[in-house]
Amino acid sequence: MGTLLASRGVGVVFGGASVGLMGAVADAALEAGGEVIGVIPDALDRREVSHRGVTELHVVTTMHERKAMMAELSDAFIALPGGLGTFEEVLEVTTWTQLDFHKKPAGLLSAASLYDDLNRLADHATRERFIRPEHRGLMLHETSATVLLERLAAWEPLAMDKWIDRDGPEAASRELDLPPRGPLVGVSAIVVRDGKVLLGRRRGAHGDGEWSFPGGKVDARARRRPMRRRASSRRRPGWWPPPSSRPPGRTTSSPTRVCTS
């Protein structure tokens, strides 16, 4: 990654350490003749993990100062494979873009599909209307470093508010171009007789709090009855329809400096 950035004349802003993936990226960029700027907290500098061969090294007091300086020095952000710190940093800078604190793109370099689950989480949050569909695209996602750099260079900031309801009710019904969600089922009550599950009250594709048969068929009459606190073990006539009358169930079916984390 460091070699690719240097070959394109893109400087590297990183966490300032000589160890781990950030140190490897810095070394590669330096060997290719690139500009490398490190920002590290004093506590880590005292542990002698600072990279002393970089173009510039800034030693700051706190992690908050470190992240603020890295964001100020950078024109775009790339999250390389990493752990909790990397997750926190890329989500934070993407949130700053959403809030218009800065106009800088962020991208995930998903080597070995590392960030696939994070993308699915963002898709789910968008379906549930915690993220606007337009803001979902603020965090780019690619498996190729070359393609990701091209998308970062072509990125244009949005001109809109963060607040999801500002556009009125029509915004809620906007079509989302997202992968389909699988069934979301959680049984909250079941009726068992002779060791067999007869009915279950669940949240899922049929909605909240509906009685359904194993396999997903819903008891239409049970929809209109409140759930009893205790289910009788004796079968009552008309408690559920015979198989022939059961309703069919539904199936659910170009920057000049890039910050690397």
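Annotations for the structure displayed:
- Test: residue in region 98-117 that is open to solvent by less than 40 Å² (accessible area, probe 1.4 Å), charged (D, E, K, R) and under 12 Å from the mean Cα position of the chain (by Cα): no
- For the residues E88, E72, the requirement of being more than 15 Å from R257 (Cβ to Cβ), open to solvent by 30 Å² or more (accessible area, probe 1.4 Å) and outside any loop (DSSP other than H, G, I, E, B) singles out E88.
- Condition check for A28: at pLDDT 95 or above, farther than 14 Å from S261 by Cβ, open to solvent by less than 50 Å² (accessible area, probe 1.4 Å) and not charged (D, E, K, R): yes
- Scoring A43 on the criteria (1) over 14 Å from C259 (Cα atoms); (2) open to solvent by less than 50 Å² (accessible area, probe 1.4 Å); (3) part of a strand (DSSP E or B) leaves a single failure, condition (3).
The values are calculated or read from the model by the stated rules, or taken from the named source; none is laboratory data. Keep in mind it's a predicted model, so treat the numbers as computed, not measured. Virtual Cβ from ideal backbone geometry, glycine too; neighbours counted across all protein chains shown. Calculation scope for accessible area: heavy atoms of the full protein, side chains included, ligands and nucleic acids excluded. Shrake-Rupley method; radii C 1.70, N 1.55, O 1.52, S 1.80 Å.
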